[in-house]
Amino acid sequence: MAKIIDGKAISKEIKEEVKEQVVALREKGTEISLAVVQVGCDPASSVYVNNKKKACEYVGIRSLSYELEETVSEMELLNLIRELNQKTDVNGILVQLPLPKHIDEDKVIKAIDPKKDVDGFHPQSVGALCIGQPGFLSCTPAGIIQLLKRSDIEIAGKECVIIGRSNIVGKPMAILLLRENGTVTVTHSRTKNLQEVCKRADILVVAIGRPKMITRAYVKEGAVVIDVGIHRNENGKLCGDVDFDDVLPVCSAITPVPGGVGPMTIAMLMHNCVDSVNL
């Protein structure tokens, strides 16, 4: 029977560790603050922002909320980021994505001080990741590494296949798996014989953005399957990029949706906020 990797339990473990670090820092006179900027009121974004605020409250990090109108100009948003960059009592800045179409996301990400880039999206953070220098790690891929390690899943020497090459998940995931001595293949929309490539994987990370696309036809017997996707099906029920019920009998371990990768992203964000003190 496949092991179902409990992201909720592992994320709680990490948050407890962060909580202890926050208390230790406070005893030395250091408070940690995270500024969360949301533009507009997209329902999914509001849920994520609310979850981040709850996590901050739980671990003892001060959360500063900036809720801007959908119609806010790019310049106004950039000015706010510059103000937050200069505030000595703000350790981390998080701008909730996606942004409205009239705002250039790339420009906004680059405007955040790399020392406050707790999402790990700034080009300087990505560059540091690539060459193994200190810096913030992208939260979702970092969370996946913790899921694997804390579930006693060996990465070194394993064939790792990632489906999806986004800047937020696919690319940083590949680098982090390489860091752990995995042998990594990144697949995407132009990959030929996708099923065959995926069936080589000892560890399959799926971040393709298509509900239930990955069936057992893509999965090697005994593989570990990490599902990054999150969607609502026709009945309004949450599901991932992997057809969980179809894949469960053939894999050795799998993350559920919900309750797998999702909680880890927020736990690693809290971890990055504590790291900001030393960067």
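The values are calculated or read from the model by the stated rules, or taken from the named source; none is laboratory data. Note that this is a predicted model, so its numbers are computed, not measured. No Cβ is skipped: glycine too gets one built from the backbone with ideal geometry, and neighbour counts run over all protein chains shown.
Anything in segment 56-72 that is within 20 Å of the chain's Cα centre (by Cα), within 12 Å of K19 (Cα to Cα) and not aromatic (F, W, Y)? List them, or say none.
Within segment 56-72, C56, E57, V59, I61 qualify.
Residues of segment 130-148 being under 19 Å from V95 (Cβ atoms) and touching a Gly at 6+ places or on another chain (Cβ under 7 Å), which ones?
Passing the criteria: F136, L137, S138, C139.
Starting from residues that are of a type in the set (K, R) and surrounded by 15 or more Cβ atoms within 10 Å (Cβ to Cβ), keep the ones in segment 50-97 and report whichever is modelled with the highest pLDDT.
Looking at residues that are of a type in the set (K, R) and surrounded by 15 or more Cβ atoms within 10 Å (Cβ to Cβ), I get R62.
Which one is farthest from V90 (Cα to Cα) among residues in segment 242-265 that are touching a Lys or Arg at 6+ places or on another chain (Cβ under 6 Å) and buried (at least 17 other Cβ atoms within 10 Å of the Cβ)?
V250
Return the only residue of G222, G236, G229 being in contact with a Lys or Arg (Cβ under 8 Å, 6 or more places away or on another chain), in a loop (DSSP other than H, G, I, E, B) and free of Cβ contacts under 8 Å to residues at least 40 places away in the same chain.
Of G222, G236, G229, the one residue that is in contact with a Lys or Arg (Cβ under 8 Å, 6 or more places away or on another chain), in a loop (DSSP other than H, G, I, E, B) and free of Cβ contacts under 8 Å to residues at least 40 places away in the same chain is G229.
Which count do you get for residues in segment 43-61 that are out of contact with any helix residue (DSSP H, G or I) (no Cβ under 7 Å at 6 or more places or on another chain) and either without any contact (Cβ under 8 Å) to a residue 12 or more places away in the chain or not in a helix (DSSP H, G or I) (or both)?
Residues that pass the stated criteria total 7.
Restricting to segment 253-274, name every residue that is farther than 14 Å from V169 by Cβ and not aliphatic (A, V, I, L, M).
P256, P258, G259, P263, H271, N272, C273
Could you tell me which of the residues G262, G209 is closer than 30 Å to I61 by Cα and among the small types (G, A, S)?
Selected residue: G262, the only one of G262, G209 that is closer than 30 Å to I61 by Cα and among the small types (G, A, S).
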